[in-house]
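Since the structure comes first, as structure tokens, the remarks are kept for the end.
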Amino acid sequence: MGLNRRSALIFAAAPALLGSLPAFPLSASAEPYPAKPVRIIVPYPAGGPYDGIPRIIAQWIGAQVGWSIVVDNRTGATGIIGLMAAKRAAADGHTLVVVTTSTHGSMPALKRNLAYDAVRDFAPIVLLADAPLVLLVRDDLSVNSVAKLVGMMRDRPGQLNYSTGGYGSPHHLATITLFQRAALPQNIAVHVPFAGLAPALMALLGGNVQFMITSTGAATQHIASGRLRPLAITSLMRSARLPEVPTMAELGYAGFEVLAWCGLAAASGTPDAVITRWNELANDALRDPKVREQISALDYDIRGGTAKEFAEFVALDINRYKKLAADMGLAED
């Protein structure tokens, strides 16, 4: 069963049957794996979903098979510091890394001289979770649809501001995708980037910007209060969290899909047996009702699937963002 951006792997409800031994041999001559604690590098600060989701998976695996797993937050340079640490680590399966929409989607498309190759330098293990984004406007902006927002930008070029969690973030590229699909130039509105979604959302609430595309979870309370108005979400299907909000595809932008996602990978050259075992365990974890509940509480949807499916997913994301970068003149050194 192929896993792509349009469908999730449907898991069986039966409990996972795990191996009874905490370690397994890589080959007849090799020592059992893991021979020491496994480190999962998270290239982002502690506290967000890209940190929380792998921690949930690591805790479940550690509890089930007795492995010692350490989560190592290596932040900086939009994830590049953590990715480079993982790339340079021994390809023996004792260092894994969390890869995301930015590190393995937008950055390879936007950066001409990126210090790593997202495809050649890493071995995908599994797609863990993803989440739709939502287009929001302030309650005092006189638009109640995407069409009216697009029309206002056309009538007032360069006069509206939008905030994001940073250049090249999924929120930024979702906005640029809207401009592309609506045949608008990228400078039709002024980009106000922030170091994270929290200050970007505060800028919208404070009136410094007029619209933004952000994660659904961060916006729910402000939508409920009426301070922010949702116009559309960026997944192909409506969100259970915002069931009354239409998708971009429903509004005439066929195939419009931009998701925030995260997964696990290892350095290229890591033994296939290690990749396979981690994939099996991660999928087992994602079947567990408590794990699913914990991830859902972070406003992400459970995914899963094979390593091959994840590799195809990454390639699709990179190629789509490369086309966007070429169409909109986004690529930079």
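The dipole here belongs to the chain: it is taken about the Cα centre, uses +1 on the Cβ of Lys and Arg and -1 on the Cβ of Asp and Glu, and is about 400 debye. Structure remark: mean-square fluctuation, Gaussian network model of the chain, C-alpha springs under 10 Å; the largest value among Ser163, Ser215, Ser142 belongs to Ser142. Say the dipole of the stretch 95-213 comes from +1 at the beta carbon of Lys and Arg and -1 at that of Asp and Glu; which of Thr101, Ala123, Gln186 then lies farthest toward its positive end? Positive-end residue among those listed: Gln186.
Can you list the aspartates and glutamates whose alpha carbon sits under 17 Å from that of Lys322, skipping same-chain ones fewer than 8 residues off? Within reach: Asp117, Glu257, Glu312, Glu332, Asp333. Find which of Ile295, Pro37, Ala219 sits farthest along the positive direction of the dipole of the chain, computed with +1 on the beta-carbon of Lys and Arg, -1 on that of Asp and Glu, about the Cα centre. Result: Ala219. For Glu280, Glu244, Glu309, the sequence from fewest to most other C-beta atoms within 10 Å is Glu244, Glu280, Glu309. Work out which trypsin sites (Lys or Arg not before Pro) in the chain are exposed loop sites (DSSP not H, G, I, E or B, at most 13 other Cβ within 10 Å) and give the longest gap free of them. Segment 121-333 is the longest. Close amide-amide hydrogen proximity is noted between Thr95 and Arg39, each under 5 Å apart and 5 or more residues distant or on a separate chain (H modeled in the peptide plane; Pro and chain starts excluded). Calculated mean residue ellipticity at 222 nm for the chain: -11000 deg cm²/dmol, from DSSP H runs with n ≥ 4 weighted as -39500 (n - 2.57), summed, divided by the residue count and rounded to 500.
The lysines within cross-link reach of Lys323, meaning a Cα-to-Cα straight distance under 28 Å and a gap of 8 or more places when in the same chain, are Lys87, Lys111, Lys148, Lys308. Taken about its Cα centre, the stretch 48-186 carries a charge dipole of roughly 380 debye when the Cβ of each Lys and Arg holds +1 and the Cβ of each Asp and Glu holds -1. Sorted ascending by nearby beta carbons within 10 Å, beginning with the fewest, Asp92, Asp155 become Asp155, Asp92.
Taking the three principal axes of the alpha carbon atoms in the chain, the coordinate ranges are 70, 43, 34 Å, sorted in descending order.
Every read-out reported here was derived from the displayed coordinates using simple, explicitly stated rules and does not represent laboratory data. Note that the structure is predicted; figures quoted are calculated from it, not measured. A quick note on method: Cβ atoms are made from the backbone with ideal geometry, for glycine too, and the neighbour counts reach across all protein chains shown.
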